[in-house]
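Structure first, then comments.
Read the figures in this text as sums done on the coordinates, not as results from a lab. Predicted model only: the values in this text are computed from it and were never measured. Neighbour counts are summed over all protein chains in view; Cβ atoms, including those assigned to glycine, are modelled from backbone coordinates with ideal geometry.
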Amino acid sequence: MSRLIDVENLTLQFDTDEGRITAVDNVSFSLEAGEVMGLVGESGSGKSVTAKSLMKLNPRNAIYSDDTNVTLHLDDGPVDIMSLNTSTELKVVRGGAISMIFQEPMASFAPAISIGDQMVEQLQIHANMTASRAKEISIEMLDRVGISDASTRFKQFAFELSGGMRQRAMIAMALSTKPKLLIADEPTTALDVTIQAQVIDLMKDLVSEFGMGIIFITHDLGVIAQTADSMAVMYLGRLVEQGPVREVLRNPAHPYTRGLLKALPDLDDLETPLSPIPGDIPSPLERPPGCVFHTRCEEKLEGTRCSTEIPTFTQLDDVHRVACHLAAQAGEFK
Amino acid sequence: MSDKPLISARDLSVHYPLRGGRPFGPKPVVRAVEGVNVDIVKGSFFGLVGESGSGKTTFGRALLRAAPITRGEISYDDGEVAYDLPKLDEKELKDYRKRAQLIFQDPYAALSPRMTVRDIIAEPLEVMGITSSKEETDERVREIAAKCRLNLEHLRRFPHAFSGGQRQRISIARALVSRPQFVVADESVAALDVSIQADVLNLLKAIQLEMGLTFLFISHDLSVVAHVCDHVAVMYLGRLVETAPTRQLFASPKHPYTKALLSAIPSLDPDDRGKAQKLEGEIPSPTNPPPGCKFQTRCPFAIDICRKQEPKLESAASEHNVACHRWQELLQEEPAKTG
């Protein structure tokens with residue numbers, strides 16, 4: 001496998017009326033071609049903002065830090081995404097080499113333009129195709145994602161399709177430009193479980209067929225367990241744990257990851273009461289000092305550096321790392 | 001918990017007429033709920049699951065008299081009063097509104113941004129004329145707010161200052177302030193993060209036990225239902241396909257649809273990949289339901305009789321009912337061919 005994207009020290013702030021807020025704080029990760037990475041966290045943890053900044057798809061009041069460095073490795077050389085500014089320059093990462101699938105497919109298709117016309121339009125922009133060739137490819141893609149009678153569906157509008165069908169069309173559209181990296185932002189959250197299972201299967205097939213990398217954003221750890229190779233857990237703009245899916249789910253090292261897993265209703269164990277993570281995620285305007293999670297952490301040590309010092313990453317093994325003082329301490333004793 | 005049903009529905013149907021159709025011909029209708037029989041025991045936490053479009057919300061609203069009842073009977077008996085719900089007069093309906101309440105799905109849309117939390121919770125009391133003085137209203141509001149873990153400081157603020165979990169607690173307080181007997185919670189935790197969801201579920205359960213409420217808990221999430229409900233009904237295209245006590249349903253599901261739903265929940269174990277039994281296709285449109293068993297278009301076990309005759313809900317075990325022609329045969333047969 002070859003390296004697809006490197007994200008180093010991604011820090012993103014927004015200038016708002018209430019002051020400058022930090023949405024993403026010093027996030028680093030990388031992705032290989034053909035790898036599926038799950039990005040997990042509660043609402044407000046900054047997972048969508050992180051993914052969108054790979055396409056610089058953020059509002060005007062967004063401020064990236066100077067040491068933020070995002071490099072996309074393409075066949076004809078690396079692209080420094082932070083240095084792209086005009087819309088012509090950004091074309092390569094917005095729908096070209098990077099595509100995105102959104103959570104609510106109804107809101108991401110234009111309601112008054114047919115599905116087909118929207119697919120053709122983006123192919124003409126990104127792949128320099130003639131309209132007839134683009135139409136051929138689009139119908140082929142619709143067929144590929146399991147939409148029956150694709151040439152009829154091609155002429156229909158988003159409201160004429162069911163939820164699962166719309167999400168398939170969205171996937172077909174995102175993949176028709178043959179992106180190297182696909183960002184899927186909660187692609188199955190609005191779907192029923194039976195349809196979700198179909199869409200997950202489809203995405204797995206497509207990864208093996210096209211060999212692209214996927215960043216899969218979700219708050220559903222079950223979906224991650226079934227799709228991703230590696231995962232990163234985010235809390236209040238910071239990565240708190242990273243590693244291969246098996247490793248992180250079986251031996252979660254961060255108290256937050258453990259809390260998320262414990263809060264999930266388990267079908268095999270109906271006796272144990274559900275255990276929520278106490279409290280709410282703090283507002284980004286009032287980011288706690290020290291470890292961002294210490295206000296809700298059940299394992300924090302009173303009067304220690306948890307509330308004063310930002311934890312750095314402790315490497316548990318080659319690939320599994322965690323940002324927690326407790327883990328660091330345990331490591332020192334070993 | 002007594003065994004007396006608080007609400008019992010017989011052959012309940014809700015149809016919505018559609019525009020169009022041939023001139024002078026029959027108007028097309030959406031059969032949102034069709035021939036549902038259900039008993040909700042007083043003091044129970046009754047779960048209703050199904051995919052979107054299965055009619056579960058409409059069913060919940062019919063029990064609240066908030067959807068037009070086309071056919072069938074619903075009786076309500078809480079020990080103080082007994083009502084025949086489809087035939088309530090205006091005065092009775094007003095009284096029923098105090099006894100039956102709804103908690104909405106989206107706590108961001110359900111609360112007016114221009115009212116303080118105190119006013120939001122107090123509104124039902126004022127509108128329904130339950131309390132006679134401001135002091136009494138305040139007293140009731142404070143009492144229910146404390147139960148929902150909201151403090152006096154919270155009551156003075158506006159909803160925008162609260163997180164999703166806190167807002168849902170405000171909605172719960174508003175629904176419960178009139179001291180209802182029966183509460184319909186329609187996807188009340190679907191919009192919340194897992195960490196908060198567990199908290200709200202625990203709260204609902206605690207309040208239910210404390211106030212002796214009867215809940216109809218509507219959800220698409222089987223694992224959530226498994227944890228809070230005593231009894232579960234599974235709905236598909238307006239029909240009940242299986243009802244059973246929770247433990248029994250999850251230990252031995254009988255209907256192929258229930259089995260498929262259970263199997264479609266993504267497992268937390270990465271080694272389970274590809275093991276799930278997959279359902280093909282999607283739920284058909286309720287304007288044009290398939291003949292025979294409504295699930296036959298997606299059922300891997302459908303045979304001729306399934307395409308011709310609609311199965312009736314029959315007893316499979318004590319309190320366990322299933323509507324499937326082949327459930328007995330399928331007990332032996334493990335899923336042979338799956339998608």
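List of remarks:
- Selected from B:Leu152, A:Ala328, B:Pro28, residue furthest toward positive end of dipole (the protein assembly as shown; charges at beta carbon): B:Pro28
- Distance cut-off 17 Å, percentage of C-alpha pairs in the stretch A:257-333 lying past it: 56 percent
- P(r), alpha carbons of the stretch B:131-204 - 10 Å bins starting at zero, rounded %: 18, 50, 28, 4, 0
- Taking 7 Å steps out from each Cα toward its Cβ at A:Ser151 and B:Glu92 produces label points 6.1 nm apart.
- Ranking of A:Lys204, B:Lys308, B:Lys42 by count of other Cβ atoms within 10 Å, fewest first: B:Lys308, A:Lys204, B:Lys42
- Label-point separation in nm, B:Lys312 to A:Thr71, each point 7 Å along Cα→Cβ: 7.3 nm
- Mean separation of Cα pairs under 8 Å and 6 or more residues apart, divided by the residue count, gives chain A a relative contact order of 19 percent.
- For the stretch A:18-104, the set of trypsin sites (Lys or Arg not before Pro) satisfying both a DSSP loop assignment and a count of at most 14 other C-beta atoms within 10 Å is given as A:Arg60, A:Lys91.
- Qualifying trypsin sites (Lys or Arg not before Pro) in the stretch B:68-118, where qualification requires a DSSP coil assignment and no more than 15 other C-beta atoms within 10 Å, comprise B:Arg114.
- A:Thr312-A:Leu261 FRET efficiency (beta carbon distance; Förster radius 22 Å; 0.05 resolution): 0.40
- Once the Cα-Cα distance is subtracted from the 0.36 nm per residue extended length, the A:Ser30 to A:Thr130 segment shows a gain of 32.5 nm.
- Estimated Rh, chain B: Kirkwood, alpha-carbon pairs, angstrom: 21.5 Å
- Cα gyration tensor shape for chain A, rounded if a/c is under 1.5, else prolate or oblate: prolate
- The stretch A:14-89: C-alpha gyration tensor shape, a/c 1.5 cut-off, then a/b vs b/c: oblate
- Rounded to the nearest 20 debye, the dipole magnitude of the stretch B:252-339 is 260 debye, with +1 charges on Lys and Arg beta carbons, -1 on Asp and Glu beta carbons, and the Cα centre as origin.
- GluC sites (Glu not before Pro) within the stretch B:21-84: DSSP coil, no more than 15 neighbouring Cβ in 10 Å: B:Glu80
- Using the Karplus relation 6.51 cos²θ - 1.76 cosθ + 1.60 with θ = phi - 60°, the per-residue 3J(HN,Hα) values for the stretch B:168-183 come to 5, 5, 5, 4, 5, 4, 5, 6, 9, 5, 7, 6, x, 9, 10, 10 Hz, with x marking Gly and Pro.
- The stretch A:1-59 and the stretch A:60-82 have Cα centres spaced 11 Å apart.
- Dipole magnitude for the protein assembly as shown: about 1700 debye, using +1 per Lys or Arg Cβ and -1 per Asp or Glu Cβ, origin at the Cα centre.
- The stretch A:285-317 and the stretch B:39-68 have their alpha-carbon centroids 44 Å apart.
- For the peptide A:275-287, the mean number of other protein chain Cβ atoms found within 10 angstrom of a residue's Cβ is 4.
- Environment charge of B:Lys42, counting only residues whose C-beta is closer than 11 Å and scoring Lys/Arg +1, Asp/Glu -1: -3
- For the stretch B:5-236: relative contact order, % (alpha-carbon pairs under 8 angstrom, 6 or more apart): 29 percent
- Reciprocal mean inverse distance between Cα atoms of the stretch A:1-149 - Kirkwood radius, Å: 17.5 Å
- Around A:Arg296: net Lys/Arg minus Asp/Glu count, Cβ-Cβ under 11 Å: -3
- Cα centre as origin, Lys/Arg/Asp/Glu Cβ charges: the stretch A:257-333 dipole, Debye: 360 debye
- Translational diffusion of the stretch B:252-339, µm² s⁻¹ [Kirkwood Rh, Cα pairs; Stokes-Einstein; 20 °C; 1.002 mPa s]: 151 µm²/s
- Computed FRET value (nearest 0.05) for B:Asp230 with B:Met128, which takes r as the C-beta separation and R₀ as 30 Å: 0.55
- Centroid-to-centroid, using Cα positions, the stretch A:140-171 and the stretch B:123-199 are 42 Å apart.
- The protein assembly as shown: C-alpha gyration tensor shape, a/c 1.5 cut-off, then a/b vs b/c: oblate
- Calculated FRET efficiency, B:Met211 to A:Lys204, Cβ-Cβ distance, R0 = 60 Å: about 0.80 to the nearest 0.05.
- Mean projected area (nm²) of the alpha-carbon convex hull when the stretch B:1-91 is viewed from all directions: 7.5 nm²
- Helical content of the protein assembly as shown, expressed as a calculated mean residue ellipticity at 222 nm, amounts to -9000 deg cm²/dmol (DSSP H runs of 4 or more residues, -39,500 (n - 2.57) each, divided by residue number, nearest 500).
- Computed extension length for B:Val29-B:Ser52: 6.5 nm, one decimal, from 0.36 nm per residue of separation with the Cα-Cα distance subtracted.
- Each label point was placed 7 Å from the Cα along the Cα-to-Cβ direction; for B:His160 and A:Val319 their separation is 4.6 nm.
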